[in-house]
Amino acid sequence: PVAERLGIPVSLQASAFLPRVGDIAERHPGLRLSVDHLGVPRATVGAEGAYRHLDQLIALAKYPNVAVKATGQAGYATDAYPFPSIHDALHRVFDAFGPRRMFWGTDITRMHCTWRQCVTVFTEELRWLQGADLALVMGRAWCDWIGWEVGTAEAAERA
């Protein structure tokens, strides 16, 4: 209740209690919640195991105050770059949450690939993610979600 009242967004590693996130979101509609790692359990390897809770995650899309961070997704792939085994799950999450509630991220300290590959799997390999949607997923939507004003010429003129 305090985070909701103060407008403080909360991020959760919630793989073990995704349905509970829905309960909280419903009880606190002004509380912005983001689920880290697309709800993938820690230390999971392989897309099949990683996305075993994907249906529970997608069910949370009905709550406008729930978003997802696609953090560290390349790390769950056992196939080579561009990690086609994770593309379908990413597309399903994007279709459910949209570009304003799905945020790219990486956890480079545990990736088995390069930083560039973590970025370009989203920016170059997901053909369905382009233009304004790509800009939102790659950072703009996160800034909007947590209330950071993104520096623009218009903002500078207002200042």
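Overall, the accessible surface of the chain at a probe of 1.4 angstrom is composed of carbon and sulfur to the extent of 55 percent. In this structure segment 41-150 gives 50 Å² per residue of accessible area when probed at 1.4 Å with all protein chains present.
Against the criterion of solvent-accessible heavy-atom surface with a 1.4 angstrom probe, MET102, MET111 sort, most first, into MET111, MET102. Close amide-amide hydrogen proximity is noted between ASP107 and GLY72, each under 5 Å apart and 5 or more residues distant or on a separate chain (H modeled in the peptide plane; Pro and chain starts excluded). Using the rule -39500 (n - 2.57) for each DSSP H run of four or more residues, divided by the residues of the chain, the 222 nm mean residue ellipticity is -9500 deg cm²/dmol. Between the listed residues ALA16, LEU38, PRO82, the Cα displaced farthest toward the positive end of the dipole of the chain, a dipole computed from Cβ unit charges relative to the Cα centre, is found at ALA16. What number, in percent, do you get for the relative contact order of segment 1-137 if the mean sequence gap of Cα pairs under 8 Å and at least 6 apart is divided by its residue count? The normalised contact order for segment 1-137 reaches 20 percent.
Taking trypsin sites (Lys or Arg not before Pro) that fall in a DSSP loop and have at most 15 other Cβ atoms within 10 Å as cut points, what is the longest piece of the chain between them? Mind dumping the intermediate values first?
Details: sites that count: ARG42, ARG52, ARG127.
In short, 53-126.
For the chain, a simple Cβ point-charge model (Lys and Arg +1, Asp and Glu -1, everything else neutral) yields a dipole of about 320 debye relative to the Cα centre. Ranking ILE108, ALA25, LEU60 by how far each Cα lies toward the positive end of the dipole of the chain (charges on Cβ) leaves ALA25 at the top. In a reduced charge model with +1 at each Lys and Arg Cβ and -1 at each Asp and Glu Cβ, segment 1-75 shows a dipole moment near 140 debye about its Cα centre. Calculated from the structure at hand, Cα extents along the principal axes in Å is found among (1) 45, 40, 27; (2) 50, 34, 26; (3) 52, 40, 30 as (1). Taking the chain as a Gaussian network of alpha-carbon nodes connected by springs under 10 Å, the highest mean-square fluctuation of the residues GLY49, GLY105, GLY39 belongs to GLY49. Summarising the label geometry, the points placed 7 Å from Cα in the beta-carbon direction at ARG5 and ARG42 lie 3.1 nm from one another.
The values are calculated or read from the model by the stated rules, or taken from the named source; none is laboratory data. Here the structure is a predicted model, which means the values were calculated and not measured. Heads up, the Cβs are rebuilt from the backbone with ideal geometry, glycines too, and the neighbour counts pull from every protein chain shown. Ligands, DNA and RNA are stripped out before the accessible areas are found, and what is left, the full protein with its side chains, is counted by its heavy atoms. Shrake-Rupley method; radii C 1.70, N 1.55, O 1.52, S 1.80 Å.
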